[in-house]
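So the structure is just underneath, and the comments pick up after that.
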Amino acid sequence: MVNQKLEQLDKAIEKYNQENEKVSAMKREYENLMRKVRIEAKEMENLKKKMADDVEKVKAEELEKIRKEKKNLELRQKNMQLVSNASKKEREEIDQLKKELAKAQTDSELKQQKLK
């Protein structure tokens with residue numbers, strides 16, 4: 001009977017050791033998975049930061065482009081106002097110069113085509 005109890009205790013100890021090994025293996029697997037999750041979370045955070053920096057850079061570039069375009073439009077508007085405020089004689093002169101310029105460009109294009 002003592003031997004039988006010893007056998008039962010040995011089996012219980014063996015079962016305990018097997019279960020303990022399974023739990024230890026699961027714990028290692030869990031720790032590895034958690035390590036991978038922390039690494040991926042850090043990578044995602046870095047990617048998020050990089051993307052936010054890229055967005056800010058593009059935003060700044062676009063705002064600068066808009067500022068320059070606005071400045072150019074304001075200058076054009078100012079020039080147009082100056083032209084529209086010019087006297088009738090000045091406007092006629094400007095129109096004449098535009099016509100001469102257009103004719104000169106047309107003549108130049110024709111000469112270039114003949115030279116080809």
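A few notes on this one:
- Options Ala25, Ala52: the member that is modelled with pLDDT of 95 or more, within 36 Å of the chain's Cα centre (by Cα) and assigned to a helix (DSSP H, G or I): Ala52
- Pair list, Cβ < 9 Å and 6+ apart or interchain, from segment 91-110 residues that are surrounded by 10 or more Cβ atoms within 10 Å (Cβ to Cβ) to residues that are aliphatic (A, V, I, L, M): Arg91/Val83; Glu93/Ala86; Ile94/Val83; Ile94/Ala86
- Filter pass, Leu115 being at pLDDT below 90 and more than 17 Å from the chain's Cα centre (by Cα): yes
- The listed residue being surrounded by 10 or more Cβ atoms within 10 Å (Cβ to Cβ) and at pLDDT below 95, out of Leu47, Leu6: Leu6
The values are calculated or read from the model by the stated rules, or taken from the named source; none is laboratory data. Quick caveat: nothing in here was measured; it's all calculated off a predicted structure. Note that we place each Cβ from the backbone using ideal geometry, even for glycine, and neighbour counts take in every protein chain shown.
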